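Working notes, structure below.
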Amino acid sequence: MCKFKEFKRKIIRSLFPKYYIKKIYQYKMGTDLNLNPPINFNEKIQWLKLYELPYNPLVIKYADKYQLPKYLIEQGISQYAAPVIGAWSSFAEIPLSSLPDQFVLKINNASSANWFIDNKKNVNWNELQNEITYWLKRDYGLIT
């Protein structure tokens, strides 16, 4: 997508979120979005995206991949918590030599930006660093 179109989309999304969601919904679903009141599951999800999720402090806090396991442990349901090796702000901070042979790297500011490492000896670390750095610079929330 050209930079101007992406910029325009970001402006519309941030200034007119209801309009933007209605247009995207119509494009993806082939029907108008009914928010008053939402009837089906997809309409209810769109309503939540507009009116509940961005303002609910618990949703914001526990959507965090790093905070959720702590919460699950606090609630006594640690069996559902994925083990966390650590959290870093940049690729340079990751202690590569102390990581286990198999692990998953997840970006906390995006969705589906995960790297499943089966054998760390076979990893192209420069390529991985470039990908992670790219994702860390993106404002995934603004894009989606």
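Looking at (1) farther than 18 Å from Gln67 by Cα; (2) at pLDDT below 90; (3) over 14 Å from the mean Cα position of the chain (by Cα), which is the one condition that is false for Ser89?
Of the numbered conditions (1) farther than 18 Å from Gln67 by Cα; (2) at pLDDT below 90; (3) over 14 Å from the mean Cα position of the chain (by Cα), the odd one out for Ser89 is (1).
Within segment 89-119, can you find the residues that are in a strand (DSSP E or B) and either open to solvent by 40 Å² or more (accessible area, probe 1.4 Å) or farther than 25 Å from Ile60 by Cα (or both)? Break it down stepwise before answering.
Residues of segment 89-119 that are in a strand (DSSP E or B), as a first pass: 103-106, 114-117.
Across segment 89-119, the qualifying residues are Phe103, Val104, Lys106, Asn114, Phe116, Ile117.
Within segment 31-41, can one find any residue that is at pLDDT 90 or above, more than 26 Å from Tyr20 (Cα to Cα) and outside any helix (DSSP H, G or I)?
Among the residues of segment 31-41, not one is at pLDDT 90 or above, more than 26 Å from Tyr20 (Cα to Cα) and outside any helix (DSSP H, G or I), which makes the answer no.
Name the residue that is surrounded by the most Cβ atoms within 10 Å (Cβ to Cβ), counting only residues in segment 21-59 that are closer than 21 Å to Lys10 by Cα and of a type in the set (Val, Ile, Thr).
By that ranking, first place goes to Ile21.
Of everything in segment 59-80, what is hydrophobic (A, V, I, L, M, F, W, C), at pLDDT below 90 and either part of a loop (DSSP other than H, G, I, E, B) or over 16 Å from the mean Cα position of the chain (by Cα) (or both)? Give them in sequence order. So that I can check it myself, show each step before the final result.
Taking segment 59-80 first, the residues hydrophobic (A, V, I, L, M, F, W, C) are 59-60, 63, 68, 72-73, 77.
Narrowing the set further to residues that are at pLDDT below 90 leaves 59-60, 63, 68.
Selection gives Ala63 alone.
Would you confirm, using the coordinates I've provided, whether Ala82 is touching a residue at least 12 places away in the same chain (Cβ under 8 Å), open to solvent by less than 100 Å² (accessible area, probe 1.4 Å) and of a type in the set (A, V, I, L, M)?
Spelling it out, Ala82 is indeed touching a residue at least 12 places away in the same chain (Cβ under 8 Å), open to solvent by less than 100 Å² (accessible area, probe 1.4 Å) and of a type in the set (A, V, I, L, M).
I'd like to know if segment 116-129 contains one or more residues that are under 18 Å from the mean Cα position of the chain (by Cα) and of a type outside the set (Phe, Trp, Tyr).
Scanning segment 116-129 turns up no residue that is under 18 Å from the mean Cα position of the chain (by Cα) and of a type outside the set (Phe, Trp, Tyr).
Condition first: of a type in the set (Val, Ile, Thr), assigned to a helix (DSSP H, G or I) and surrounded by 14 or more Cβ atoms within 10 Å (Cβ to Cβ). Can you find one or more residues in segment 120-134 that meet it?
The answer is yes, given that some residue of segment 120-134 is of a type in the set (Val, Ile, Thr), assigned to a helix (DSSP H, G or I) and surrounded by 14 or more Cβ atoms within 10 Å (Cβ to Cβ).
The values are calculated or read from the model by the stated rules, or taken from the named source; none is laboratory data. Model, not experiment: these values are computed from the prediction. Reconstructed Cβ throughout: ideal geometry from the backbone, glycine too, with neighbour counts over all protein chains shown. For the accessible areas, the whole protein counts, side chains as well, though only heavy atoms, and no ligand, DNA or RNA atoms are used. Shrake-Rupley method; radii C 1.70, N 1.55, O 1.52, S 1.80 Å.
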